[in-house]
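Report on the structure given below.
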Amino acid sequence: MKIVSVEQMRQMDQTAISEFGIPDQLLMENAGLASYEKIRDRFDLQKDKFLIVCGGGNNGGDGLVVARKLFSNEAKVQVVLLSNPSKFKGSAHLNYQIAQQMKIPTQSIENAQDFETLLPAFDVIVDAIFGTGLDREVGGKYRDIIQAINRSGKPVVSIDIPSGINGNTGQVMGIAVKADMTITFGLPKLGNLLLPGFEYNGQLFVTHISFAPKIFNNPEVQTQTNDPVELPERPTDAHKGFCGKVLFVAGAANYLGAPYFAAHAFLKAGGGLSYLATPRQIASTIAMQGPEIIFQPLQATESGSIAHENLDFLLEFSEDMEMVIVGPGASLQAETQQLIRDLLEKSPKPVLVDGDGLTAVAKDPACIKFRQAPTILTPHPGEMARLLNISIGEVQKNRVEVLRRACKELNAIIVLKGAHSLIGHPDGRVYMNLSGNPGMATAGSGDVLTGTIAAMYALLKDPLLATRIGVFLHGLAGDLAAQKMGMDGLLAGDILQHLPEALQHYRRHWREMKNQNYGKISLV
Ligand SMILES: NC(=O)C1=CN([C@@H]2O[C@H](COP(=O)(O)OP(=O)(O)OC[C@H]3O[C@@H](n4cnc5c(N)ncnc54)[C@H](OP(=O)(O)O)[C@@H]3O)[C@@H](O)[C@H]2O)[C@@H](O)CC1
Ligand SMILES: Nc1ncnc2c1ncn2[C@@H]1O[C@H](COP(=O)(O)OP(=O)(O)O)[C@@H](O)[C@H]1O
Ligand SMILES: [K+]
């Protein structure tokens, strides 16, 4: 499913109006009707009392439609207006006039105390304060009222987006309504799906408000959910060479976990031959954990990291490989960092760079910018900040645009990791992954991801698709593991062990997971 910015949503609205002649009023009516239907399905219209909290824009207008539908079905409703009704324009104004003529109980609220006095008499709150028009921090009485809503403990239905969440970034603009259910219109906004905004929705529903598919499938919208696709079968006569040969250049004296997790995850995700080039001194120790891995012992520096003199050997050895994965646990030793840069610059093979490899790239990004073969980078927000020389706060505040910029500047497919990981391509496409859980924030989890992406590359031979499906499967393995053992104390090894089950589950259920947006967005 496509995911839109606030500006793109407005553009779509305009297209619906100008190209298809759907009047503005009809869009608002559709929005209100879909919201009403979800409310009717969830609550008891005979018993529950509904408080509709309206701001002065079109989000408030949608709230007035919901109020009218409830009122006309003889539910007990009260509208509260947080801004002067003279502010309503267009369809919102029309719906205000109708509400007045129908004598729907309506009250203007001047301060938060009056609001708090009203609250106890109601069972359900409908939040139509701000939608996509929120353009500044929430303060004054709005802040106090949102706080009162959140403290009330009553079920809250948010219209379009929880009030206080920025529609483009998912950031909380000072304070935001914590909803139990959100009905969003047209398509999900970035702010509905990016964290922390996503958490504020409660259950998220989308209604296309009668947009033509041409509008909501618009190819110019380049951000979308990371939907699973069908994987090719393993042929009956498959041999291990067929399932891919990749080389991991990873590990140092003190970093034995990262190379193991990465190289082993490749095998657990269905890869054929996993070669691990690692300092001689640690190879046998890692081999005890993962005897299926094939070792290429390397010369080491004094501190036990990979020495620069291995460069020619690595280039030669990788000639026969489908992909070279560089960096997990390779250390920040200066000589090793230079080896990584030289290897990346000179290797004509597809490469995946993670961990300490990303630090090497950050120091001199020219080593990847002009590569002809595909480059995949898998930074967490800290590593992304280092790659672009900005702060982590700047990365997290605007993950989608930061990722787009990085992909273009670095000429790479990039996974910006973290909850709802993003996968970006230099052509501007961005995919948002919906699998995974916070239990996966654990050491080594990212190394398991690199091996999984490499395995998908061996299977799919398409770097973007492999990265997307690798990220999805890694999250799915984490979810399957968490279903069994909970999220606390989930280890990278548990994610690794669940990769085969994740693949089996994926092959059986990819279509449902796609159609149901991994259970995170329901279409109404
Ligand atoms: N397909 C669609 O897109 C459709 C969209 N529709 C609906 O339209 C909504 C967008 O409507 P919108 O543009 O009128 O803006 P909206 O969210 O009501 O907010 C503007 C109001 O908030 C105020 N305000 C803002 N920030 C503030 C702050 N911090 N503190 C205080 N006040 C603040 C601002 O005040 P002002 O800046 O004028 O002082 C103004 O009064 C969208 O979310 C969806 O629900 C549907 O009807 C059908 C089709
Ligand atoms: N809250 C979360 N929800 C979903 N996935 C997460 C969350 N936190 C971390 N992850 C995933 O776990 C992995 C952690 O990788 P990384 O930060 O590189 O850890 P490490 O370096 O310890 O291996 C990434 O794939 C990331 O997307
Ligand atoms: K809202």
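The values are calculated or read from the model by the stated rules, or taken from the named source; none is laboratory data. Since the structure is predicted, the reported quantities are computational estimates derived from the model, not experimental observations. Ideal geometry is used to build each Cβ from the backbone, glycine not excepted, and the neighbour counts take in all protein chains shown. In case anyone asks, the SASA skips ligands and DNA or RNA and just uses the protein heavy atoms, side chains included. Shrake-Rupley method; radii C 1.70, N 1.55, O 1.52, S 1.80 Å.
The table below lists the values:
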item	result
Under-5 Å amide H pairs with Ser522, H placed in peptide plane, nonlocal only	Leu204, Phe205, Val206
Bridge type composition, region 245-513 - antiparallel percent by DSSP, nearest 5	25
Estimated FRET transfer efficiency (Gln46, Ser86; beta-carbon r; R0 35 Å; 0.05)	0.50
Spin-label pair Ile17/Ile98, simplified geometry with 7 Å Cα→Cβ offset, distance in nm	1.7
Residues of region 11-55 with amide N under 19 Å of a point placed 7 Å along Cα→Cβ from Lys214	11-24, 27
Antiparallel DSSP beta bridges within the chain, as percent of all bridges there, nearest 5	15
Distance between modelled label sites at Ser108 and Asn254, nm, 7 Å Cα→Cβ extension	6.7
Solvent-accessible area of Lys417 with every protein chain in place, 1.4 Å probe, in Å² to the nearest 10	30
Helical contribution to [θ] at 222 nm, DSSP H n ≥ 4, -39,500 (n - 2.57), averaged over the chain, rounded to 500	-13500 deg cm²/dmol
Sites Ser303 and Gln504 - FRET efficiency at Förster radius 41 Å, r taken between beta-carbons, to 0.05	0.45
Cβ-based charge dipole, the chain, positive-most Cα from Leu311, Leu298, Phe472	Phe472
Simple spin-label estimate for Ala287 and Asn437 in nanometres, 7 Å along Cα-Cβ	3.8
17 Å reach of a label modelled at Arg151, 7 Å along Cα-to-Cβ, counting backbone N of region 176-194	176-178
Interchain or long-range residues, amide H under 5 Å from Leu352's placed H	Val324, Ile325, Val326, Ile376
Region 365-524, accessible surface, carbon-and-sulfur percent (1.4 angstrom probe)	52
Sparse-neighbour loop sites [trypsin sites (Lys or Arg not before Pro); region 57-128; at most 10 other C-beta within 10 Å; DSSP]	Lys103
Met181 long-range amide H proximity, modeled H, under 5 Å	Val156, Ser158, Gln203
Integer Hz, Karplus 6.51/-1.76/1.60 couplings in order for region 491-504, x for Gly and Pro	10, 3, x, 5, 5, 4, 5, 8, 4, x, 5, 5, 5, 5
Centroid-to-centroid separation of region 448-503 and region 14-65 [C-alpha atoms, Å]	40
Average accessible surface area per residue within the chain, 1.4 Å rolling probe, Å²	40
Potential extension, Val524-Ala121 segment - 0.36 nm per residue separation minus Cα distance	142.1 nm
Percent antiparallel among DSSP beta bridges (both partners in region 125-224, rounded to 5)	10
